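The values are calculated or read from the model by the stated rules, or taken from the named source; none is laboratory data. Worth saying up front: this structure is predicted, and the values here are computed from it rather than measured. Using ideal geometry, Cβ is built from the backbone for each residue, glycine included, and neighbour counts are taken over all protein chains shown. Each accessible area value is taken on the protein alone, full model and side chains, heavy atoms only, with ligands, DNA and RNA left out. Shrake-Rupley method; radii C 1.70, N 1.55, O 1.52, S 1.80 Å.
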Amino acid sequence: MEPRIVITGFGVISAIGIGKDETLAALERGESGVAPVKYLETGLKDFPVGEVKATDLQLKSIAGIERDETISRTSLMGVISLREACAQAGLSGEDLRKRTTLICGTTVGGMDLSEKCYLEMISDNAQCTDVIRVHDCGATTAKIADAIGGVRAITTPSTACSSAANAMILGANLILSGQADIVAAGASECLSSFHLNGFNSLMILDRQRCRPFDANRQGLNLGEGAGFVILETLESARARGAKPVGELLGYGNACDAFHQTASSPEGEGAFLAMTQALSKGKTSPEEIDYINAHGTGTPNNDASESAAIRRVFGDRLPKISSTKAFTGHTTSASGAIETAFCLLAAESGFIPGNIGWENADANCITPTLGGNSPEPLRKILCNAFGFGGNDSSLLLGRFDDDEECLR
Amino acid sequence: MMKSVYVNSAISIEAEPDYRKYFSPMEARRMGRLMKMAVAASSEALEAAGMESTDAIITGTGLGSVECTENFLLGLCGVEGYDMKPTNFMQSTHNTISSLIAIRNKNHGYNSTYAQRGISFESALLDGYTRILLGDSSSVMAGCYEQLTPRYTALLSKIGKDGSVFRDCAVSTIISDREEGAICRLAGVKLLYKPGSVDIPEDALVLECREEASARVFCQAVEKIRKGARKVVIKNDAPGGEVAITILEK
């Protein structure tokens, strides 16, 4: 029998709060963090964004990092959410250095710093050399590892908007194959002018707050943030005296193999990813209590994801919501931030709403506007889909200590 | 019971090949050099392994398409002659290589990408190795594609690294659970970060990565086994503190 992979801690930071308490409170109040640009230095002010409500200096202070250190906002948010996850899991510095593999997804990496001084960087003088060192994705993860006092191993998945989900999939597989004891898996992504202009060049940004699955949806809002989960076997958690707060029951990764920036009409990649996650978790569609959809708010994604969900669930759909109107699309980090939302939902019984949704679209599922669930939320699917058709789905469970629930 | 993992082919493209073998001139115009080299390496690796496709496509690339990233950045900075083209943005994301290979082959299998400086290749290899061990994939294409630009090379020389963190390469390897026709066994891939010391098996020929991309050294190691070596260990002591140990056995 395969060992159970439990989650012994998690951390989250996004436009709706720093840490789990602020996050749950905002989800319950239905309060969005999407607003006009305030912290990001950019000439592109036409679009609302989901910014973490703090300057880099304020984040450094929260993360316990010297004010003159050259470190990207991506790394800073990663450090803050990873610390929260490690504290809940009760991991000591020695646990981290000797037993923990850090898998942190990102796509933007240190672009927030590079874009501010790129012309100086490529000029003949020796300015901004520290920025060159922290520009790339791998350096972002290394910086996080150093800031928390070191870990056993690091790596960085970079599959655009499914990076966090793929970090968890690799982490779980490393544990199942006996190659890792404890894995801190998640992702971090900060807003950058590069990223914002990139999405603008694709013409998929909404000038208003995004409305996933709404007939009048116009596109997505970009957001930022980070999230981490601590994964280990139930046996490992028990041996350390750590209390599981959730379980990773299954996961799937498939490629839509359709187009670099568009999803197929029938949602083949999404369908395969969800089907694999259910199958790995020995779970039937009827057992799913809630789906946190990828639901970016673009006409294409939401229709394609709806088609895939209908193929998996038929006409008996569970409660579904996209939480992108709370946070904006946090791209690489979205799978980790939304995993945290799912774990908070399982803990509290509160399903976060698809806020702002008003008009039904025949091509889309009808999402829930949120509220307390009369039944406990035992099994939850969390979708994360990326450009290039990198589609992943995670099957999360409320931790149940009942031995009868052993698979 | 974990499965054994075999190396069925390992191909390094050293010079730009005649691309007409792989795609039409029309297709070629939409691809940067990095993408073209990646498609060529992956096609050659499949052919050498005698396979039509693999269950998984996994890429390691520390920087992805630097050329596209630079072009977009220059456009963002308002430099004349550059603009923020959607194709440059799209191809600046690292996963564009793995997904392009999947789109070309209509491959709906597992698909992922790693960007971890000098150990991007081993990260991809470790993911694939683990999937085969667990029986999640029967065959995996793991590749490493890196194409530095003169501009990025100049940046790296400013910090005294001479490009040693990111080195040009276009390598594809096919690993699988199929012993028949395999060149050798992949006996382990281990990643470490700033370890005090590293244990290396004593009975092995050790290849250390210094000036070369580790993915190319991997191809050399496979060749050494083909020529009679029994056990080869690749020790990649990357400049940023990452260490990767790869073990190949006859």
So for A:214, B:177, A:315, what's the accessible-area order with a 1.4 Å probe, most first?
-> A:315, B:177, A:214
Bridge orientation stat for the range A:5-240 from DSSP, antiparallel percent rounded to 5, came to 65 percent
Can you put A:274, B:84 in order of accessible area, largest first, using a 1.4 Å probe?
-> B:84, A:274
Taking only the alpha-carbon positions of the protein assembly as shown and ignoring solvent, what does the Debye formula give for the base-10 log of I(q)/I(0) at q = 0.07, 0.11 Å⁻¹?
-> -0.39, -1.02
From DSSP H assignment alone, runs of 4+ in chain B each adding -39500 (n - 2.57), the sum over residues rounded to the nearest 500 puts [θ] at 222 nm at -10500 deg cm²/dmol
Value of D in µm² per second that Stokes-Einstein yields for the range A:227-314, Kirkwood Rh from Cα pairs, at 25 °C (0.890 mPa s) = 165 µm²/s
Rg/Rg_ref, the range A:248-399, where Rg_ref = 2.2 N^0.38 Å and atoms are Cα = 0.93
How much FRET efficiency would the formula 1/(1 + (r/R0)^6) give for residue B:226 and residue B:153, where r is the Cβ-Cβ distance and R0 is 41 Å, rounded to 0.05?
-> 0.80
Rg and Dmax of the range A:5-240 over Cα atoms: what are they, in angstrom?
-> 18.1, 57
Where the Cα atoms of the range A:30-93 are projected onto their three principal axes, how long is each span, largest first, in whole Å?
-> 45, 35, 14
Counted charge near residue A:70, where neighbours are those whose Cβ lies closer than 12 Å (Asp, Glu -1; Lys, Arg +1) | 0
What net charge is computed for the residues neighbouring residue B:50, neighbours being all others with C-beta under 14 Å from the C-beta of residue B:50, Lys and Arg scored +1, Asp and Glu -1?
-> -4
Restricting the count to DSSP beta bridges whose residues both fall in the protein assembly as shown, what percent are antiparallel, rounded to a multiple of 5?
-> 70 percent
Which whole number of Å³ per residue matches the convex hull of the alpha-carbon atoms in the range B:6-181?
-> 119 Å³
Would you check the accessible area of residue B:126, probe 1.4 Å, heavy atoms only, in square angstrom rounded to 10?
-> 10 Å²
Residue B:2 - accessible surface, heavy atoms, 1.4 Å probe, Å² rounded to 10 = 80 Å²
Flagged links, alpha-carbon separation over 30 Å, of A:116/B:106; A:45/B:36; A:116/A:143; A:38/A:243 = A:116/B:106; A:45/B:36; A:38/A:243
Taking only the alpha-carbon positions of the range A:77-180 and ignoring solvent, what does the Debye formula give for the base-10 log of I(q)/I(0) at q = 0.13, 0.24 Å⁻¹?
-> -0.54, -1.31
Sorted by accessible area (1.4 Å probe), largest first, how do B:44, B:202, A:94 line up?
-> B:202, A:94, B:44
Where only C-alpha atoms are counted, convex hull volume of the range A:1-113 per residue in Å³ = 158 Å³
So how much accessible area does residue A:194 have, in Å² to the nearest 10, using a 1.4 Å probe?
-> 10 Å²
Mind putting together the pair-distance distribution for the range A:291-339? All Cα pairs, 10 Å bins, whole percent per bin, short to long.
-> 25, 53, 21, 0
Separation of the residue A:300 and residue A:216 label points, Cα + 7 Å toward Cβ, nm = 2.4 nm
Restricting to the range B:6-181, what percent of DSSP beta bridges are antiparallel, rounded to 5?
-> 60 percent
Can you pull the one-decimal nm distance between simple spin-label points at residue A:123 and residue B:134, each 7 Å off the Cα toward Cβ?
-> 5.0 nm
Distance between Cα centroids, the range A:119-183 to the range B:200-233: provide it in whole Å.
-> 26 Å
Tally Lys and Arg at +1 and Asp and Glu at -1 over the other residues with C-beta under 13 Å from the C-beta of residue B:149: what net charge comes out?
-> -2
In nm, spacing of pseudo-spin labels at residue A:98 and residue B:26 (7 Å Cα→C-beta vector) | 6.2 nm
